1. Would you mind listing the strands (runs of 3 or more DSSP E) fully within the stretch 44-146 where at least 1 residues are touching a residue at least 60 places away in the same chain (Cβ under 8 Å) and within 20 Å of F25 (Cα to Cα)?
2. Which condition from (1) under 16 Å from the mean Cα position of the chain (by Cα); (2) small (G, A, S); (3) modelled with pLDDT of 95 or more is the one that G241 breaks?
3. Among the listed residues V184, V205, V173, V229, identify the single one that is at pLDDT 95 or above and within 15 Å of the chain's Cα centre (by Cα).
4. If I go through the stretch 15-43 residue by residue, how many of them are free of Cβ contacts under 8 Å to residues at least 60 places away in the same chain and either assigned by TED's automatic domain parsing to the domain that holds K286 or in contact with a Ser or Thr (Cβ under 9 Å, 6 or more places away or on another chain) (or both)?
5. Specify which of the listed residues (L89, L120, L96) is more than 13 Å from the ligand (Cβ to nearest atom) and in contact with a Ser or Thr (Cβ under 8 Å, 6 or more places away or on another chain).
6. Tell me which of these A204 doesn't satisfy, since it passes every other one: (1) surrounded by 16 or more Cβ atoms within 10 Å (Cβ to Cβ); (2) of a type in the set (A, V, I, L, M); (3) touching a residue at least 12 places away in the same chain (Cβ under 8 Å).
7. When you scan the stretch 1-59, how many residues do you find that are within 12 Å of the ligand (Cβ to nearest atom) and at positive phi?
8. I need the full set of residues from the stretch 274-283 which are within 19 Å of the chain's Cα centre (by Cα) and in contact (Cβ under 8 Å) with a residue 40 or more places away in the chain, in order please.
Amino acid sequence: MTQIAFIGLGHMGLPMARNLLRAGFTLKVFDLVQAAMDELTKEGAHAADSAADAVQDADVVISMLPASRHVEGLYLGDSLGNHGLFKILKPGTLILECSTIAPESARKVHKAAAEHGLELLDAPVSGGTAGAAAGTLTFMIGGQASTLEKARPLFAVMGSNIFHAGPDGAGQVAKVCNNQVLAVQMIATAEAMALGVANGLEPAVLAEIMRQSSGGNWTLEKYNPWPGVMENAPASRDYSGGFMAELMAKDLGLAQEAAQHSGNSTPMGALALQLYRLLLKQGKGKQDFSVVQQLFVE
Ligand code: NAD
């Protein structure tokens, strides 16, 4: 029986872990927030006292943390005295690192994992909280193809599209490119919704026309930023849940770093980052990223 340690039970990690539990895997879970663990112990998971406790006897470790510093702290250790899990994992342990982090950080963690005889994949996801709950996430995977084949049955429980993006860190490169497109589409949709409504259109009518026309995009299909247009979108619950604006700002920053590294011109991504920073300054960083709608309405 595969023993899985799942670390990081936030908006995404919790529903991903739940799908593994429902598929019959044995899970030991850890999050800094006790309430998140309580949700899953009700459904049969074992709660750990620490990340180190969670990985005792683990064959597989899955992490879903906010950013690079959390991932490096977890696996490599930090200045707070945490030793890092790589020192205690048994050789051959499979690690699926699903957070969105800097490609450079992913490569650093890959290198350290290999030095400890561990098999790691960087496997960021797309599909939002709805995709996490439905088990239909897209995984963008960096690392060895042979490791991906070992992990495929686990990815298949949590997602429906499993892409091998390339070598170590490639999953993260794909992810930052994708999220730059997503941010630009969200901003463009929010701007157009505000323009149409200010000029007398019903929001739902405009949304449907654009969705079925050449302006159609993922945000119009699944995640309209105008409150009330889509019952299940974060905009219709005061921009709660979903994907926090501060995480989108992080991803846009990672895209800019990658562009700096390769010398690419990314003006749309740069502007999107500036608009998300503005939202953060307005205290909206914890709200869903579709809250960018509010920049365009009075
Ligand atoms: P979140 O902030 O809701 O969850 C992160 C969780 O990690 C929190 O519960 C936090 O308590 C926990 N955590 C932080 N440090 C920890 C540690 N050292 N040990 C144990 N737990 C720790 O974030 P999220 O929305 O679930 O996103 C997670 C990752 O997935 C991010 O990298 C994000 O960019 C990415 N992502 C999010 C979405 C989305 O729609 N929310 C979509 C795709 C990718």
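1. Details: elements: 60-63, 94-97, 119-122, 137-142.
Qualifying strands (runs of 3 or more DSSP E): 60-63, 137-142.
2. (3)
3. On the way: V184 fails: within 15 Å of the chain's Cα centre (by Cα); V205 fails: within 15 Å of the chain's Cα centre (by Cα); V229 fails: within 15 Å of the chain's Cα centre (by Cα).
Result of the check over V184, V205, V173, V229: V173.
4. Final tally of qualifying residues: 3.
5. Numbers: L89 fails: in contact with a Ser or Thr (Cβ under 8 Å, 6 or more places away or on another chain); L96 fails: more than 13 Å from the ligand (Cβ to nearest atom).
Checking each option against the conditions leaves just L120.
6. Here A204 clears every test but (1).
7. The qualifying residues number 1.
8. Y276
The values are calculated or read from the model by the stated rules, or taken from the named source; none is laboratory data. Since we're looking at a predicted model, the values are computed, not measured. Note: ideal-geometry Cβ built from the backbone for every residue, glycine included; neighbour counts use all protein chains shown.
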